[in-house]
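Shown next, in structure tokens, is the structure this report addresses.
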Amino acid sequence: MLTVKKISKAFGPTRALIDVDMEIRRGEIRGLIGENGSGKSTLASIIAGAQFADSGSFELKGKPYAPRNMVGAQNHGVSMIIQEMGTIPGITVAANIFTGRLEEFTRFGFINMKAINRRAAELLQEIGAGDIHPETLINRLNFEERKIVEIARAMVANPDLLIVDETTTALAQRGRELLYRLIRRLHEENKSVLFISHDLHELMSICDTITVLRDGIVIDTLEKEEISVDRMRSLMVGRELSGSYFRSDYDGSYSDEVVLEAKRVTSGILEEFNLELHKGEILGVGGLSDCGMHELGRVLFGIDKPITGSVTLKKNNVQVKDPHVATKNNMAYVSKERDREAIILNASIKENVVLPSHRQLRKVLGLITRRSETNLTNKQIETLRIKCRNGKQICNELSGGNKQKVVFAKWLGKESDILILDCPTRGIDVGVKAAMYKLMTELKAQGKSIVMISEELPELIGMSDRILLLKNGRLQAELRRSPDISEKQIIQYII
Amino acid sequence: MRATAETIDIQEILNRKARRKDLLRNIIPFSGLVFIFVFFTVVTQGKMLSSSNLTNLISQCFSVTIVAAGASFVYAHGGMDFSIGPSCGVAQLVAALIITRSDLPIWLAIAACILVTVVTSTMVGATSAYLRVPVFVVSLCMRAICSGILTVGIAESDIAIDYARFSGFNSEVLKAVVLLVVIGVSYYLFEYTSLGKYEKAMGGNVVTAFQAGVVVKRTQIAAYTLMGLCVGIAGFFQLTRTAGVTGGSGSGLEFDIMVAIVLGGFPMMGGSAARLRSVIIGALTITILSNGLVLWGLDYLLVNGVKGLLFLIIVAITYDRTNQNQMNFTSA
């Protein structure tokens, strides 16, 4: 179906792809894996016409193929569902699906909306989402439904090659099944799928072959019988990883001393919520994405002001009323929205790392010397093994995992005692994940307290001393650390 | 596959390219300044360097540079202020009234002049921060208010002050000292203290800055207050040089500052790439340009038009069009 020949691409001094060769056969479901920054998304978007390669070429169905844009690629039979493209707000579902193709429905300068809506309805029906009405404004759909609309958009031109870029991370069960069905159908019609995901189990269950990328180079391509989670993991990281990377102990003990207390907090969906965080505790908070756990993190750090109730630091009996008070009292917060909230992308590693630590670095007349900044940064780069040229490198050039390390670095450099981590391992690869878990275990041993908000159940079970499970803004259950907790048990409480 | 000699070579080339790009970005504004200086010196057959013109140049660049140093804090966090021209005019009006209509000492006139601009600028910053109105709108309103006050103040006639009495303020030595002090203090605050670093962080990502514990509103307002201070200082010197207040007092200052910002390579939206030296270079460039154009024979009335055109060209070339969303998409 598709032959990729010596594709290379660089962003500034960062080489994203280096002479990539790949062949996708007809009817094949090909998995593409690699750590963040390994180049998988770049490769996918070049195939789909969203970006251009610096060198190299493609052959599609035996003919040279060089898409100029995504619609062009679609017309050649290559469609992509993108990681984080999103839909266009303010217009209808149907208009979203046919974005860029309205000419096909235009006569004498008038758009035939009826025909568009009819086609959109058919298309949604076909992919098994007949309940989404084409004339609905896109804003009224929830996140998952919008993602499904994106899937429909990719299917408009009836593609021969469908590229799925980490779409399932955004989908719950229903959406996933819809996508799997679609993939199976394409397979039966002898069409091809290129599937990109971080979820190795998922990849194993749906892919025929899996290509592994590391640092922009194709490391290996595994056939069905060679595929195993451990094999993929070690190929991605480039060294052997032990089977489990969570805490190995089941000693869920912590000090009796309460360091942070939330009392009857109401904010957003959260209702009269109570919480006590102890010294040396890893407190897991879990639930569905809209259960109120992310709001909880924001309220604990003073970003959102609660409507009722309060958050108090027990040591000095200080109310956390804004992030300024929180940071002053050695609290830290890692937002779930890394690129939007937790890091200044256009600033250097140094500027990011130093930002919350000014108070410690200040000398007479408010002087902050270059040397003190550099020392602080270099120490963190070293301990966290941030992959970069030096502290002056702009964060935008780093891979996702390394950006996350920078976010951690800024709070560790400040020697924070209470860490509120909202989805700390979201979208980062196994290697960095393992490092983060190890770090959390070390912090606990040092007597620091952590609130770990997470949508990943294995992580909650594997790391927490105590797990709070939320549903619709209320506490549903509290579980203590034990080897017997199962994901099934948790799901019962949160759904 | 291992890193072969070839891939290392390519990496080396890419690194070199990136370094060269950085270097160019730093060098272009400076070489622009040198070029303009040399160009006008040549086309005016050295008139540019005559002692009377150099004196002129110093006093012209004096106000723009001082105000630009203050404005850098505002632009660093992504703010702006269109009201500084008219508010500078009002400050001069107040000072002139104190001088002509009362027996109060001169230092009180100076203090009043500075106080007026500090208050108006701080109000612009504070209104925008606390009422959550775009600063663009607030500063336009303040501009209208200040122009109104100035128009009323000189409704009967322009106000003249005794030039001879204030000739001390026109000494080049005093100006040079004031200029160096303002630049020195600003440089220290901007590059070596939390204030400047916080402003840049806010320009980079205000949410991140807030979550890192930066008191965003206070930091924003401080930038405006500081700029107001600089406008006031520049205003009093302008008053003593022109020896009076007219409808044109202070006018065009905000635009000169904006042109200085872009000419110096200071990012319009602020952020990490903001450097104080950029605005200083920009301020010098715009002064030499205005001065040179007039010397070359361009009608003084056309100078603003040329500046506008130049502003558009430079912005079109240098404006950073990559928004963060696009960044994510391309670098994913």
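The values are calculated or read from the model by the stated rules, or taken from the named source; none is laboratory data. Since we're looking at a predicted model, the values are computed, not measured. In this analysis, Cβ positions are derived from the backbone assuming ideal geometry, glycine residues included, and neighbour counts consider all displayed protein chains.
In the set B:TYR224, B:TYR198, only one residue is more than 14 Å from chain A (Cβ to nearest Cβ) and modelled with pLDDT of 95 or more; that residue is B:TYR224. A:ASP339 passes every criterion in (1) at the interface with chain B (Cβ under 9 Å from one of its Cβ atoms); (2) modelled with pLDDT under 90; (3) surrounded by fewer than 19 Cβ atoms within 10 Å (Cβ to Cβ); (4) in contact with a helix residue (DSSP H, G or I) (Cβ under 7 Å, 6 or more places away or on another chain) apart from (3). Among residues belonging to segment A:261-293 that are in contact with a Ser or Thr (Cβ under 9 Å, 6 or more places away or on another chain) and not in a strand (DSSP E or B), point out the one that is nearest to the other protein chains (Cβ to nearest Cβ). Out of the qualifying residues, it is A:MET293. The combined condition, being buried (at least 24 other Cβ atoms within 10 Å of the Cβ), touching a helix residue (DSSP H, G or I) at 6+ places or on another chain (Cβ under 7 Å) and in the same structural domain as A:MET463 (by TED's automatic domain parsing), is fulfilled by A:GLY287.
Every listed requirement among (1) at pLDDT 95 or above; (2) within 18 Å of B:LEU276 (Cβ to Cβ) is met by B:THR208 save one, (2).
The one condition from (1) touching a helix residue (DSSP H, G or I) at 6+ places or on another chain (Cβ under 6 Å); (2) of a type outside the set (Asp, Glu); (3) surrounded by fewer than 18 Cβ atoms within 10 Å (Cβ to Cβ); (4) free of Cβ contacts under 8 Å to residues at least 40 places away in the same chain that B:ALA126 does not meet is (4). Among B:TYR192, B:TYR187, which is the only one that is more than 10 Å from chain A (Cβ to nearest Cβ), within 30 Å of A:VAL364 (Cβ to Cβ) and surrounded by fewer than 24 Cβ atoms within 10 Å (Cβ to Cβ)? After ruling out the rest, the residue left standing is B:TYR187.
Filtering segment A:441-491 to residues that are polar (S, T, N, Q) and either crowded, with 21+ Cβ neighbours inside 10 Å or not assigned by TED's automatic domain parsing to the domain that holds A:LEU288 (or both) leaves A:SER449, A:SER454, A:SER464.
Looking at B:GLN11, is it free of Cβ contacts under 8 Å to residues at least 60 places away in the same chain and surrounded by fewer than 12 Cβ atoms within 10 Å (Cβ to Cβ)? Spelling it out, it is not the case that B:GLN11 is free of Cβ contacts under 8 Å to residues at least 60 places away in the same chain and surrounded by fewer than 12 Cβ atoms within 10 Å (Cβ to Cβ). The criterion of being buried (at least 20 other Cβ atoms within 10 Å of the Cβ) and either within 14 Å of chain B (Cβ to nearest Cβ) or touching a residue at least 12 places away in the same chain (Cβ under 8 Å) (or both) does not hold for A:VAL258. Are any of the residues in segment B:26-43 over 27 Å from B:ILE114 (Cα atoms) and within 14 Å of chain A (Cβ to nearest Cβ)? Looking through segment B:26-43, at least one residue is over 27 Å from B:ILE114 (Cα atoms) and within 14 Å of chain A (Cβ to nearest Cβ). Residues in segment A:147-170 that are buried (at least 17 other Cβ atoms within 10 Å of the Cβ) and farther than 24 Å from A:LEU203 by Cβ: A:VAL149, A:VAL156. Restricting attention to segment A:343-369, the residues being facing chain B (nearest Cβ under 7 Å), out of contact with any Leu (no Cβ under 8 Å at 6 or more places or on another chain) and under 16 Å from A:SER399 (Cα atoms) number 5.
Looking only at segment A:13-23, decide whether some residue is modelled with pLDDT under 85, more than 11 Å from chain B (Cβ to nearest Cβ), under 22 Å from A:SER205 (Cα atoms) and touching a Ser or Thr at 6+ places or on another chain (Cβ under 8 Å). Quick ask: steps written out before the conclusion?
Step one: of segment A:13-23, the residues modelled with pLDDT under 85 are A:13-16.
Still in the running and more than 11 Å from chain B (Cβ to nearest Cβ): none.
No: zero hits.
If the condition is being away from every other protein chain (no Cβ under 14 Å) and farther than 22 Å from A:LEU235 by Cβ, then segment A:24-50 contributes A:ARG26, A:GLY27.
Counting only residues that are touching a residue at least 60 places away in the same chain (Cβ under 8 Å) and in a helix (DSSP H, G or I), segment B:217-262 holds 32 of them.
Checking segment A:258-269 against the condition returns no match, with no residue being modelled with pLDDT under 95, within 22 Å of the chain's Cα centre (by Cα) and of a type in the set (A, V, I, L, M).
List the helices (runs of 4 or more DSSP H) inside segment B:76-182, counting only whole elements, that have at least 1 residues being under 16 Å from B:LEU229 (Cα atoms) and aromatic (Phe, Trp, Tyr).
Result: B:106-131.
Taken residue by residue, segment A:395-410 has at least one member that is assigned to a helix (DSSP H, G or I), of a type in the set (Gly, Ala, Ser), closer than 30 Å to A:LEU288 by Cα and at the interface with chain B (Cβ under 10 Å from one of its Cβ atoms).
In segment A:68-89, what count of residues is obtained for those that are part of a loop (DSSP other than H, G, I, E, B) and modelled with pLDDT of 85 or more? Number satisfying all stated conditions: 2. So is A:ASN378 at the interface with chain B (Cβ under 7 Å from one of its Cβ atoms) and in a helix (DSSP H, G or I) or not? No: the conditions fail for A:ASN378.
Within segment B:90-103, not a single residue is over 13 Å from B:VAL245 (Cβ atoms), crowded, with 20+ Cβ neighbours inside 10 Å and not polar (S, T, N, Q). Evaluated against (1) out of contact with any strand residue (DSSP E or B) (no Cβ under 8 Å at 6 or more places or on another chain); (2) within 14 Å of chain A (Cβ to nearest Cβ); (3) crowded, with 20+ Cβ neighbours inside 10 Å, B:CYS230 falls short on exactly one condition, (2).
Among the residues examined, A:ARG371 does not qualify as touching a residue at least 12 places away in the same chain (Cβ under 8 Å), surrounded by fewer than 13 Cβ atoms within 10 Å (Cβ to Cβ) and assigned by TED's automatic domain parsing to the domain that holds A:GLY413.
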